[in-house]
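J.: Below you'll find the structure I mean.
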Amino acid sequence: MKKILLFVLCLIASLAFNACQKGDTWDFNYPKEVLCGGTWHGSEYLLDGKWIDITRPAYKDLQFSIRFNTDGTYYGTGYFGNGSGTYDAHGKTIRTYVDGSLFYTYTVHSMEGNVAEITMSGKAGSSLQFRVKK
């Protein structure tokens, strides 16, 4: 019985050590599966206290999408540019990088299932508030 208990303890310790070695820590306030489980499409933006539906044809120039991958890369298209880079996610903040330089910072106000509300800030200090959907 002692040998079985010792074996189980060693197995648990080994699994814990291997999991930590991979460096797969996630300290974002929302699950990785929610952030990385599909492509986010801009649906609305806040203008003068009113939400504007950017999925309508009149606002097609403002449409955008972004996909965050589990390997720390992302790909975006639309109004804010087409291309890829890397990202990190900590707390309520997602920072995107292109060629190692900070590109956009997203502050997540809420993220539930397939809907999120974010504020996007650029390098110049300007910011816009959006709702995005998968």
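J.: For the residues Y87, Y59, Y74, what sequence is obtained by ranking on other C-beta atoms within 10 Å, fewest first?
T.: Result, fewest neighbours first: Y59, Y87, Y74.
J.: Provide the per-residue ³J(HN,Hα) series for the range 55-65, in order, calculated from phi with Karplus coefficients 6.51, -1.76, 1.60 and θ = phi - 60°, each as a whole number of Hz, with x at glycine and proline positions.
T.: 7, 6, x, 4, 10, 4, 5, 8, 5, 7, 8
J.: Using the basic label-point model (7 angstrom from Cα toward the beta carbon), what is the S127 to L46 distance in nanometres?
T.: Rounded to a tenth, the inter-label distance reads 0.9 nm.
J.: With a cut-off of 8 Å between alpha carbons and a minimum separation of six or more residues, what is the relative contact order of the range 67-114 in percent?
T.: After rounding, I find 22 percent.
J.: Another question about this same structure. Which distance in nm do the two modelled labels at V34 and Y59 give, with both placed 7 Å along the Cα-to-Cβ direction?
T.: With each label point 7 Å from Cα toward Cβ, the separation is 2.3 nm.
J.: For K134 and D71 in the same chain, what is the full-extension length gain: residue separation times 0.36 nm, less their Cα-Cα distance, in nm?
T.: 20.8 nm
Bear in mind that the values in this text are calculations on the coordinates, not laboratory data. Because the structure is a prediction, the values reported are computed rather than measured. With ideal geometry, Cβ positions are generated from the backbone for all residues, glycine too; neighbour counts draw on all protein chains shown.
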